[in-house]
């Protein structure tokens, strides 16, 4: 079958985007998605996203990991999907759409073109010694390490992701350094099974975990640097046990489009 695809990236986190609104559209198989995402034998991407019609929202975002398996929420993927929906003419600058973990709202700033995604509330955070475990639409393990830039993220992240506690379901592993109330984050992603240049749900998890170190504010607006670029995470908290009004903001760009037979 011939597919028209669009390649998007959000701070280096890249995705193959497909418009699945036609009745003739067939969602690629796990094997086909894995091949499409392969960087030597396919288009190459961290994941694949399909836009579908939805009765209660502007559209539905269906996300698959690079291994071809259905994924949970992808924050940068969600921001790229908002930009893709605008390109397709589905939305203008604001949207409400369905994703893996329920309804989300998002917007595109007219002047800066930055894309903002509202994340769902976070209510449970588990302390794991010197690390934190929480779910921001996808499960994350957050550990603080000031030597992040020199860390072997593939080796250390893979070790945690495949440990006895997480081997079956998998977990995304984030290594975080703090510099003047700003964060530098590197992430090992399950499904990709490697380090990615950026992870939206990961930097959201890292930002929330960071707020637990001080517990001095009710509102946070945290700048975050990743290997792929800069993002911003803002949220409110009630006694640092519940986190609401969580917004992830950053760039999302079309790289190229084309056709491929699989």
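The values are calculated or read from the model by the stated rules, or taken from the named source; none is laboratory data. The shown structure was predicted, so the numbers you read here are calculated from the model rather than taken from an experiment. Cβ sites come from the backbone with ideal geometry, for glycine too, and all protein chains shown count toward neighbours.
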Report summary line: Among 221, 261, 239, the single one that is more than 18 Å from the chain's Cα centre (by Cα) and free of Cβ contacts under 8 Å to residues at least 12 places away in the same chain is 239
Report task. Tell me, yes or no, whether segment 115-124 has at least one residue that is modelled with pLDDT under 95 and either touching a helix residue (DSSP H, G or I) at 6+ places or on another chain (Cβ under 7 Å) or in a strand (DSSP E or B) (or both). Result -> no
Query - Verdict on residue 57 being within 14 Å of the chain's Cα centre (by Cα), in a loop (DSSP other than H, G, I, E, B) and closer than 29 Å to residue 205 by Cα - result: no
Report task. Would you check if residue 91 is within 20 Å of residue 190 (Cα to Cα), at pLDDT 95 or above and either crowded, with 17+ Cβ neighbours inside 10 Å or within 16 Å of the chain's Cα centre (by Cα) (or both)? Result -> no
Report task. Go through the residues of segment 114-131 one by one and say whether even a single one is in contact (Cβ under 8 Å) with a residue 60 or more places away in the chain, surrounded by fewer than 24 Cβ atoms within 10 Å (Cβ to Cβ) and within 29 Å of residue 42 (Cβ to Cβ). Result -> no
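Among 233, 185, which is the only one that is closer than 18 Å to residue 101 by Cβ and surrounded by 18 or more Cβ atoms within 10 Å (Cβ to Cβ)?
None of the others qualify; the one that does is 233.
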**Report entry** Of all residues in segment 20-54 being assigned to a loop (DSSP other than H, G, I, E, B) and under 18 Å from the mean Cα position of the chain (by Cα), the one that is farthest from residue 77 (Cα to Cα)
**Finding:** 44
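Yes/no matrix, rows are residues, columns are (1) touching a residue at least 40 places away in the same chain (Cβ under 8 Å); (2) over 28 Å from residue 170 (Cβ atoms); (3) not in a loop (DSSP other than H, G, I, E, B):
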position: 67; (1), (2), (3): yes, no, no
position: 73; (1), (2), (3): yes, no, no
position: 80; (1), (2), (3): yes, no, yes
position: 83; (1), (2), (3): yes, no, yes
position: 87; (1), (2), (3): yes, yes, yes
position: 91; (1), (2), (3): no, yes, no
position: 96; (1), (2), (3): no, yes, yes
**Report entry** residue 146 being surrounded by fewer than 19 Cβ atoms within 10 Å (Cβ to Cβ), more than 16 Å from the chain's Cα centre (by Cα) and under 20 Å from residue 77 (Cβ atoms)
**Finding:** no
